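Trainee: Starting off with a structure, shown below.
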Amino acid sequence: MAGVTGKGHSTTAAVALICACAATVLAAPGTAFASPGEPTPPTSPTPPTPSPGEPSPPSNSSLEEVRKKIDRLYREAGTATDAYNAAEEKAEKQSEEIVRLARSIDKGQAKLDKLKARAGAAARAQYRSGGIPDEARLMLSDNPSRFLDGAGRLRQGQHATKAMLTEMSRTQADLKTYAKDAAAQWKKLEANRKAKAEAKKKVKKKIAAAEKMESRLEKKERERLRKLEEEAALKQQSAWVDTGVLKDAKGEATTPGKKAIAFATAQIGKPYVWGAEGPKSFDCSGLTSQAWAAAGKGIPRTSQEQWKRLPRVDVKNMRPGDLIIYHKDASHVGLYVGDGAIVHAPRPGRNVTVAGAGSMEILGVVRPDK
């Protein structure tokens, strides 16, 4: 595979797997995708009447229609997962900002208390002197030298007092600003917590609907459904390759790109779990963000933010290590490993795996280390 290197047995085995997969996904034009001689898949028995709000049973639908419905539900779950991840990331940043502001308020209050103590000490000293202003006492002095010396100290004291009062005023203003900012951040935090909870609810609902629809199928139908998924992906990959897009995609991975690939391939076989970013499970953007973190490059957490904020490159100029963003809503992402293949975390119920880079609808390509 062009531009891929690794260390140790695990990476070598993973690269070998990718190469084997690439040989499969780069099917020759005209390859037949339906299994010859295979009987028409049976439709599932009529299930009980579903409760309101439940997905329609597959009794009157072909397995292909069922496959499309399940795929749509998982894609919608992927979009909601991105919303959940974005809200979680924002909430974490806002929590950190609130903690920073709280520390600033604490330090500012301590400083203000110290300044107030100094002002109080000065007032008490004046009280003990009988309340006679320093200027009056200097004017009553019968020693010119002592008067001049005292006058100099008085000016210094006046300047110090003025500076102290100015500092007290500035510190009080800072405290008000910190408190106002903290209140604003708290409101945002609460809003993102609500958004996170709503997205979580939607993710679970979509996944449950897809799993329920699939569970209604008999074992043979589920096996056939899996084959239909593979055939659809292979057909789309073959059509993509036939465009000749890979003829110009000859770039080699950079050193950081190789590290990202090594990390991603080492995760092959681990389960997809929405919202997860390792080490035992991943969602799609959790895998890509952690792969590039392992390469020493921090990138946005979600596929939508990766699409928005990372530099874009033409598909024909992509190189191993780039991220391929999928679907019009940028709800999925995979790490390009070369030879027309990606490593990605597909969806719930599937594991991190190698797939054809063109097996899904490509929105575009972004480059973390441009």
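Where a number appears in this text, it was derived from the coordinates with a stated rule and is not lab data. Note that the coordinates shown come from a computational prediction; the quantities given were computed from them, not determined experimentally. Virtual Cβ from ideal backbone geometry, glycine too; neighbours counted across all protein chains shown.
Trainee: For S281, what is the net charge nearby, where nearby means another residue's Cβ is under 13 Å from its Cβ and Lys, Arg count +1, Asp, Glu -1?
Mentor: +2
Trainee: A follow-up question, please. Could you pull out which residues in segment 298-338 have an amide N less than 14 Å from a spot 7 Å beyond the Cα of E92, following the Cα-Cβ vector?
Mentor: Label zone hits: 298-303.
Trainee: Right, next: Mind jotting down the distance between the C-alpha centroids of segment 315-370 and segment 256-309, whole Å?
Mentor: 11 Å
Trainee: So, one more: When a footprinting reagent is the concern and you count Cβ atoms within 10 Å, what order do V352, V313 take, fewest first?
Mentor: Details: V352 21, V313 16.
Fewest-to-most ranking of V352, V313: V313, V352.
Trainee: Within the set of other residues whose C-beta is less than 11 Å from the C-beta of V366, count the net charge using Lys and Arg as +1 and Asp and Glu as -1.
Mentor: My count for the surroundings of V366 gives +2.
Trainee: If each residue of separation counts as 0.36 nm, what is the full-extension length gain between E211 and V273 once their alpha-carbon separation is subtracted? Intermediate values should be presented prior to the final figure.
Mentor: Working: separation 62, 0.36 × 62 = 22.32 nm, distance 1.40 nm.
Here the answer is 20.9 nm.
Trainee: Using a Förster radius of 25 Å, what is the FRET efficiency between K180 and K114 based on their Cβ-Cβ separation? Nearest 0.05, please.
Mentor: Efficiency at R0 = 25 Å is approximately 0.60.
Trainee: Related question: List the relative contact order of segment 158-300 as a percent without decimals, with contacts defined as Cα pairs under 8 Å and 6+ residues apart. Kindly include the intermediate steps, with their values, before the conclusion.
Mentor: Values: 57 pairs, mean separation 17.9, N = 143.
Reported relative contact order: 13 percent.
Trainee: Right, another one. Full extension from D242 to S62: what is 0.36 nm times the residue separation minus their Cα-Cα distance, to one decimal in nm? Mind showing how you got there, number by number?
Mentor: On the way: separation 180, 0.36 × 180 = 64.80 nm, distance 2.89 nm.
Between D242 and S62, full extension yields 61.9 nm more.
Trainee: So how strong a dipole does segment 251-336 carry about its Cα centre when Lys and Arg Cβ are +1 and Asp and Glu Cβ are -1, to the nearest 20 debye?
Mentor: Here segment 251-336 has a charge dipole of around 120 debye.
Trainee: Here's a follow-up. Count the net charge of all other residues whose Cβ sits under 10 Å from the Cβ of G257, scoring Lys and Arg as +1 and Asp and Glu as -1.
Mentor: Combined, the nearby Lys, Arg, Asp and Glu give +2.
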